[in-house]
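In what follows, a structure is listed as structure tokens, so that the remarks can point back to it.
The values are calculated or read from the model by the stated rules, or taken from the named source; none is laboratory data. Here the structure is a predicted model, which means the values were calculated and not measured. No Cβ is skipped: glycine too gets one built from the backbone with ideal geometry, and neighbour counts run over all protein chains shown. To get the accessible areas, we keep the full protein, side chains included, count just its heavy atoms, and leave off ligands, DNA and RNA. Shrake-Rupley method; radii C 1.70, N 1.55, O 1.52, S 1.80 Å.
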Amino acid sequence: MSRRSGILEFAVLGLLRESPMHGYELRKRLNTSLGVFRAFSYGTLYPCLKALVASGWLIEEPDGAPEDVPPAALTGRRAKIVYRLTAAGKEHFEELLAHSGPDAWEDEHFGVRFAFFGQTSRDVRMRVLEGRRSRLEERLERMRTSLARSRERLDDYTLELQRHGMESVEREVRWLNELIESERAGRDQRPPGPAAQDKKNQSGDTGGLPRHRGGSRPDPSDDTTT
């Protein structure tokens, strides 16, 4: 399985964990909510859905017709298919959520993983955030070294583009630092009781995600950090 199809599988399972959807609804959510899938087509989505059904992680169900629509009015119409997560699919998604290896730190993967942080345990969130920060710090060091070596050979516009790329990475590192500190502060708090924790999970708790205090928060899927 390619890295692209792997993150698509993760995103589809995560969205269907929230609620069953038609293929059209899924595509719309992928396009509007997850930036990495902005240029996305049915030709890519439906093979993924079929593969997930074949694996037993999804089931296809015909959408129920509205009660006030006469049966004759539906004649000749193709029934819409609703995709629903199975118990095995939910278990598989939980396994994917627990993964925090290097793939989760990359540009495309991190943006999608971050979108599902509300369903991810705090320990895994911390590992992903720290891994992402480490990856960007390495990238930033390479960019600085490259710029120092080639500065004299670059024209003003190319030099400005290089600086813009560095500023984008620096901005995301600062954002990650803020998130990591907030996660650490949340971890230091006394754990809530089971009932309170269930309520927080249902509301999509992110462990004390910091409130925006001005400036532009970087989009985790923004390709300016590549």
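Here are the numbers for the structure shown:
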item	result
Selection count where residues are modelled with pLDDT of 85 or more, of a type in the set (A, V, I, L, M, F, W, C) and either under 14 Å from residue 84 (Cα atoms) or open to solvent by 10 Å² or more (accessible area, probe 1.4 Å) (or both), scope region 12-55	12
Pick from region 138-187, criterion within 26 Å of the chain's Cα centre (by Cα) and modelled with pLDDT under 90, ranking: most open to solvent (accessible area, probe 1.4 Å)	187
Residue 65, sole failed condition from (1) at pLDDT 85 or above; (2) open to solvent by 20 Å² or more (accessible area, probe 1.4 Å); (3) farther than 14 Å from residue 7 by Cα; (4) not aromatic (Phe, Trp, Tyr)	(1)
Which numbered condition residue 75 fails, given (1) modelled with pLDDT of 85 or more; (2) open to solvent by 80 Å² or more (accessible area, probe 1.4 Å)	(1)
Pick from region 86-96, criterion free of Cβ contacts under 8 Å to residues at least 60 places away in the same chain and among the aliphatic types (A, V, I, L, M), ranking: least open to solvent (accessible area, probe 1.4 Å)	88
